[in-house]
Amino acid sequence: MDKPTKIQLALNAAIIAAVFSVLMSLLMLFNYYKLSTNNPIESETLKALIERLNTDPQNEQLLNEIRAFDLMARKAYFTSKWQIEIGGVLLLLGAIVFVVALRYYTKATSKIERPETETLSGQMARVLASKWILGIGLLFVVLTIGASFLSVDYFEQYKAGTLVVQEPEAEAVSDGIEVVDLTVAADSTNEVSADSSQVEELANVEFKIPTLAEIKKQSNSFRGPLGNGVWTSKNIPTSWDIAAGTNVKWKVKLPKKGYNSPVIWDDKLFVTGADATERWIYCYDRNNGKLLWQHQASNIAGSPATAPKTTDDTGLAAPSISTDGNLVVALFGTGDILTCDFTGNRVWAKNLGVPANHYGHSSSLIYWKGKVIVQYDTNKGCKLMALDMATGNSVWETPRTSHISWASPILAEVGGKMQVITSAEPTVSGYDVETGKELWKNDCMMGEVGPSPAFGSGLVFATNEYATLAAIDPTNGSKIWDSNEYMPEVASPVVADGLLFVATSYGMLACYDAKTGTKNWENDFGEGFYSSPVIADGKLFATDMKGVVHIMKVAAQAEKIADIATGEKVMSTLAFSDGCVYIRGVENLYCIGK
């Protein structure tokens, strides 16, 4: 290629890059203007809808409209943020091409002899013009890229107070149900963090570490033993009537709101509740519903003075408790984590750092051999941690390259060794529970991952709406099969007897062959699921958001046993113990038993 041709190509490249950069700058500035002037959280439309809901709190159609509008606003916001970020990279590349091409063109043409008649002033004019063009172009690029970094992050600002929808007054409790008076003083309301001498004393106490067999008899974490949604409990009732009190052992009104699920060890049941000012652990007698003690998560070093802003369907008490039968550990959306003994005395407490989360932190805790496992995936960094249950000291901490996640870790025994399994965008991973070392990973997830993984039939199952439903071999991380037909937004899958069950936020419940991915059956219940489907006594319990418990046989052919209304919304996952079902509604806690 001769030199004139190279010069012409350089000129063309410079012109194209300049035009591209200008267009990209204009698009980015327009996108930035829209993003900075449209707050998806403080939308006037959303406020108007919420005001209407306050005057008509039973309007389900209006509530669904608010959810749909909120989801649309958030997706539009994050799409705009993504466009600005990608546009910044493309603009930078265009500017680099422009500068390189223009520099080559300038140097090459400067060596070409000019006609002697050209004056010095003409040469200087060209040089000055080139410098002005280059300078203005670079200034334009810098301003545009700067705008992309200065984009208002409304979800980062979403931290002070919350939009509260007024709930209707609770209805009177029906006859035939034992009602517990929660105004009775609890046995313990400790509020002060344990001092170092107390922690050292407890560190010297030799707690009994439960065996795997003992854990499987309990309900010590979110979705039961090992977090997999399968219980060994027998004689679970399949018919009850809360309004009439039939097969309802007790019902209590919960003091504070929370979407965490009941956790049970022997005769003690634990839940948490929170609002913008207070966060509490509650311990009930699971046999009669009596409040044994309550403990406030207060006076914790590093805890934020103002609670972070969260959405109404997550709140500050979404993570479920975990226990080893000696101690109980709770995590709140403020980043506060604390442990109490079984009488309600605080053992230790600390703050893990306020989670940067535009909905609110929801990953639950899980226990294994003296360690509590914490999946802490936020917008400011992701990590998996193991803390000493008795002291709160770090056992290991593994940084993660994934994005923010709302899923909870589970445990899976693979080849005689226990693994911690996590799901986030884009990676489903397995870790050594003793060291935190990553054993395998598979990049198959995308989006805002809410469902936790499941383990059964020798495989790990991970899924998320708009991503995929994937079966993964936990020995090497390879994908065995996947499906894109039914994928949940929040509810986690569950596996038993070679069958995989998935419940979606738009009301579909589907059953697959766990080994092959063949769909056995599907059922449209018409109402979405946030509560995860769970299995006990050979039956599948799937509770929709209206609080209807759908009971199916765990079988390759669809066979419905019952549809039972709770009478209030249910977002939390059911728990089982000693022939009883424990249901947490948005207002009340129920014990169902024969």
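Could you work out how much longer the chain between Ala244 and Asp267 gets when fully extended? Use 0.36 nm per residue separation minus the Cα distance between them, nm to one decimal.
Taking Ala244 through Asp267 to full extension adds about 5.7 nm, to one decimal.
Quick query: amide H of Leu499 versus all other amide H atoms, modeled in the peptide plane; which residues come in under 5 Å with a sequence gap of 5 or more or a different chain?
Those qualifying (amide H under 5 Å, at least 5 residues apart or on another chain) are Ala514.
Just to check I understand the Karplus step: with θ = phi - 60° and J = 6.51 cos²θ - 1.76 cosθ + 1.60, what whole-Hz values come out for the stretch 258-267, glycine and proline as x?
x, 10, 6, 9, x, 10, 10, 9, 6, 9
Which residues' amide hydrogens lie under 5 Å from the amide hydrogen of Ala356, considering only partners 5 or more residues apart or on another chain, with H built in the peptide plane?
Sorted by chain and number, the residues that satisfy this are Asn379, Lys380.
What residues have an amide H closer than 5 Å to that of Lys546, excluding those fewer than 5 places away on the same chain, when H is modeled at 1.01 Å from N in the peptide plane?
For Lys546, whose amide H was placed from the backbone, the distant partners under 5 Å are Val570.
Classify the stretch 447-594 from the C-alpha gyration tensor, please: rounded if a/c falls under 1.5, else prolate or oblate depending on whether a/b exceeds b/c.
On the way: a/c = 1.78, a/b = 1.56, b/c = 1.14.
Prolate shape, in that a/c is at least 1.5 and a/b is the bigger ratio.
Using the Cα gyration tensor of the stretch 506-575, with a ≥ b ≥ c the square roots of its eigenvalues, what is the shape: rounded (a/c below 1.5), prolate (a/b larger than b/c) or oblate (neither)?
prolate
If each of Leu27 and Tyr466 carries a label point 7 Å out from its Cα toward its Cβ, how far apart are those two points in nm?
A separation of 2.0 nm, rounded to one decimal place.
On a C-alpha basis, how far is the centre of the stretch 523-594 from the centre of the stretch 377-431 in Å? Whole number, if you could?
28 Å
First check a/c for the stretch 293-408, with a ≥ b ≥ c the square roots of the eigenvalues of its C-alpha gyration tensor; if it is under 1.5, answer rounded, and if not, answer prolate when a/b is larger than b/c or oblate otherwise.
Note, shape of the stretch 293-408 comes out oblate.
If r is the Cβ-Cβ distance from Arg52 to Ser478 and R0 is 56 Å, what FRET efficiency results, to the nearest 0.05?
On the way: r = 51 Å, r/R0 = 0.91.
Computed FRET efficiency for Arg52 and Ser478 comes out at 0.65.
HN-Hα J couplings of the stretch 292-309 from phi, Karplus 6.51/-1.76/1.60, θ = phi - 60°, integer Hz, Gly and Pro as x?
7, 6, 9, 9, 8, 7, 9, 6, 10, 4, x, 5, x, 5, 10, 5, x, 6
Sort 472-481, 530-539, 407-416, 328-337 by packing, meaning the average of other beta carbons within 10 Å per residue, with the highest value first.
The packing order, highest mean first, is 328-337, 530-539, 407-416, 472-481.
Evaluate E = 1/(1 + (r/R0)^6) for Thr401 and Thr516, where r is the Cβ-Cβ distance and R0 equals 41 Å; express this FRET efficiency to the nearest 0.05.
The value I calculate is 0.85.
Taking θ as phi - 60°, what are the ³J(HN,Hα) couplings along the stretch 368-378 by the Karplus curve (6.51, -1.76, 1.60), each to the nearest whole Hz, with x for Gly and Pro?
Taking θ as phi minus 60°, the curve returns 7, 6, x, 10, 9, 9, 10, 8, 10, 9, 10 Hz for the stretch 368-378.
First select every other residue whose beta carbon is under 13 angstrom from the beta carbon of Ile366; then total the charges, Lys and Arg +1, Asp and Glu -1.
So the surrounding residues net to +2.
Once R0 is set to 60 Å, what does the formula 1/(1 + (r/R0)^6) return for the Cβ-Cβ distance between Leu90 and Asn288, expressed as a FRET efficiency to the nearest 0.05?
The value I calculate is 0.40.
Laboratory data are not the source of any read-out in this text; all were calculated from the coordinates shown. Note that the structure is predicted; figures quoted are calculated from it, not measured. Positions of Cβ are generated from backbone atoms using ideal geometry, with glycine treated the same way; all protein chains shown enter the neighbour counts.
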